[in-house]
Each structure stands twice: as C-alpha cells, then as structure tokens.
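K.L.:
Provided herewith is a single structure, encoded as structure tokens, for subsequent inquiry.
The values are calculated or read from the model by the stated rules, or taken from the named source; none is laboratory data. Owing to the predicted nature of the structure, the values given are computational and were not obtained by experimental measurement. Counting neighbours? That spans all protein chains shown, and the Cβs are built from the backbone with ideal geometry, glycine included.
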Amino acid sequence: MSEKKAFERKVEGQLEEWEAELDKMKAKAKQSSGEAEIKSKEKARDLEHRIEEGRRKLDALKQAGADGWQNVEKEIKSSWKDFKTNF
C-alpha cells in the first residue's frame, strides 16, 4: 500500500471517529436543557463543520497527484492539531 493510500485510510478512520463523537454530542444535547443544551448544540455544530471540512480535504487528498498530496497531508495534520486543541 502506498504512503498516500495509507494516509487516506487514516483520515477516513479519523472522520469516522469524529462522526461517532458527533452522535454522542447530539444525544447529550437532547438530554440537556437550558445553557447546557445550547453549549452542546454549539459544540455539535462546530464538529459537523470540521467533519465537512475533513471530507473536503479527504476528497482533495484523493484527487491530488503524487507530487501534491503531501501539501494536502500537511493541511489535514494542521486541522487535526487545531481540533485536538479546541476539543
């Protein structure tokens, strides 16, 4: 398996984990009320946007050629670092 293909699979796995976390957040928001519900919904919306961004970057990664995919890899890793800092 090529390095690019291995990274694609890693990204897909990470997105699946985030989607599972999103489901948990949505369930928690439904069980909450007031300020806690608002905060849970805001976090869920933020995560949804990050997942969408991740899907777009994954598509860019899949379309990138042998020379350009590493630039997309850097962008994705930067996004992951930002995600870990904010969640």
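K.L.:
Looking only at segment 50-71, which residues are at pLDDT 90 or above, more than 13 Å from Lys10 (Cβ to Cβ) and aliphatic (A, V, I, L, M)?
P.N.:
Scanning segment 50-71 gives Ile51, Ala60, Ala64.
K.L.:
For the chain, give me every one of the helices (runs of 4 or more DSSP H) that falls completely inside it and has 2 or more residues that are charged (D, E, K, R) and in contact (Cβ under 8 Å) with a residue 24 or more places away in the chain.
P.N.:
Answer list for the chain: 3-31, 34-63.
K.L.:
On the given criteria, is Lys81 surrounded by 12 or more Cβ atoms within 10 Å (Cβ to Cβ) and either hydroxyl-bearing (Ser, Thr, Tyr) or at pLDDT below 95 (or both)? It would help to see each step written out before you state the result.
P.N.:
Working: surrounded by 12 or more Cβ atoms within 10 Å (Cβ to Cβ): no; either hydroxyl-bearing (Ser, Thr, Tyr) or at pLDDT below 95 (or both): yes.
Criteria not met by Lys81.
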